[in-house]
Amino acid sequence: MPLHLKESEIIERADLLPAFPTVVNDILETLDDENAAMGALIQLVERDPVITARVLSIANAAVMAGRTQRDLRDMQVAVSLIGLSKLREIVLAVSLAKFSRESGMGSHFWEHSIAVGVAAQELSRIGHCSRDFALVCGLLHDIGQLWMARCHPLEFQMVRMSMEQAPDLDILDAEIWHFGLDHCTIGRLLGTAWHLPAPVIAAIQHHHDAHPPADKLIAVTHLGEAVVNALNIDSHNHASVRHVSATACDVLGIDWNDDFNFLFGRIEARSRNLARIFG
């Protein structure tokens, strides 16, 4: 029997999910002050052995690429080699990968999230908006599905079965039928409860809209998922591209008649690499 969830129930049952990593907000709040961000991030990294290992591993790979024979163990030197932007990417990816795994979702969910995060980042170059915000929007765009799978696994599987039986069925329609709400609405509620920045919440809420608000972060998230589905980067996901918002294209100044083969190649390569490193 279909559920008829109320918005208040989403927040009440959010405790069933693992604790949301506060470092995500910490990073987004310090983007305008790189000195503060650097010091705070290094302190955070040094407290987490998993993130420390990732940072040093990537820094050592950079050292080896430069044919310098040494085992790098100093975090300050490591960060100076890989840069603050890469450090933020590592911290965000490791933290959210852990959150996804602890939520009980399969690897396909994280592979898709990574791919959309990378695609949003690459599109942010065209739209001249924050790469870090774009990455977070892409990584979290389907966060509502984590809640669905964790809190109502049977209905979550019924949504998947409905879409397999009726390939033309839109995922939001299937979710509303079984849950009473779709994953975009649930994601908005979770993002609000976790005190995510308003632009990130808006991207989560509107990434499936056929006519989304004219906003660059919404646009890169919407188009990022469309590109990932078109390229079939995450092989477990068989979603098709149902629509590409003209508003999103206009906001970013994208004309699909241009040659985007290089961009698509970068998205595919980076997505597979990050999924391998942080999967």
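The values are calculated or read from the model by the stated rules, or taken from the named source; none is laboratory data. Everything quoted here is computed from the prediction, not taken from an experiment. When we count neighbours, we look across all protein chains shown, and the Cβ atoms used for this are built from the backbone with ideal geometry, even at glycine. These accessible areas exclude ligands, DNA and RNA; they are computed on the full protein's heavy atoms, side chains included. Shrake-Rupley method; radii C 1.70, N 1.55, O 1.52, S 1.80 Å.
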I'd like the residue in the stretch 9-28 that is in a helix (DSSP H, G or I) and more than 19 Å from VAL94 (Cβ to Cβ) and, out of all such residues, is modelled with the highest pLDDT.
ILE10
Count of residues meeting criterion [at pLDDT 70 or above and assigned to a loop (DSSP other than H, G, I, E, B)] in the stretch 30-63
3
I need the full set of residues from the stretch 64-96 which are at pLDDT 70 or above, part of a loop (DSSP other than H, G, I, E, B) and under 22 Å from ASN273 (Cβ atoms), in order please.
GLY83
Report whether or not LEU87 is of a type in the set (A, V, I, L, M) and either closer than 23 Å to HIS206 by Cα or open to solvent by 10 Å² or more (accessible area, probe 1.4 Å) (or both).
no
Given (1) in contact with an Asp or Glu (Cβ under 9 Å, 6 or more places away or on another chain); (2) at pLDDT below 90; (3) open to solvent by 60 Å² or more (accessible area, probe 1.4 Å), number of the condition ARG266 does not satisfy:
(2)
In the stretch 163-178, the residues that are open to solvent by less than 30 Å² (accessible area, probe 1.4 Å) and out of contact with any His (no Cβ under 7 Å at 6 or more places or on another chain)
ILE171, ALA174, HIS178
Determine whether the stretch 205-216 contains at least one residue that is modelled with pLDDT of 95 or more and closer than 23 Å to VAL94 by Cα.
no
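Conditions tested, residue by residue: (1) surrounded by fewer than 23 Cβ atoms within 10 Å (Cβ to Cβ); (2) charged (D, E, K, R); (3) without any contact (Cβ under 8 Å) to a residue 24 or more places away in the chain.
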| position | (1), (2), (3) |
| --- | --- |
| ILE186 | no, no, no |
| ALA198 | yes, no, yes |
| ALA202 | yes, no, yes |
| ASP209 | yes, yes, no |
| LYS216 | yes, yes, no |
Quick one: what pairs do we get from the stretch 254-266, first residue over 15 Å from LEU223 (Cα atoms), second at pLDDT 95 or above and in a helix (DSSP H, G or I), C-beta under 7 Å, 6+ apart or different chains?
ARG266/GLU122
Scanning the stretch 142-159 residue by residue, those within 21 Å of the chain's Cα centre (by Cα) and open to solvent by 30 Å² or more (accessible area, probe 1.4 Å) turn out to be ARG150
A careful count of residues in the stretch 97-140 that are among the basic types (Lys, Arg) and either in contact with a Ser or Thr (Cβ under 8 Å, 6 or more places away or on another chain) or modelled with pLDDT of 95 or more (or both) gives 1
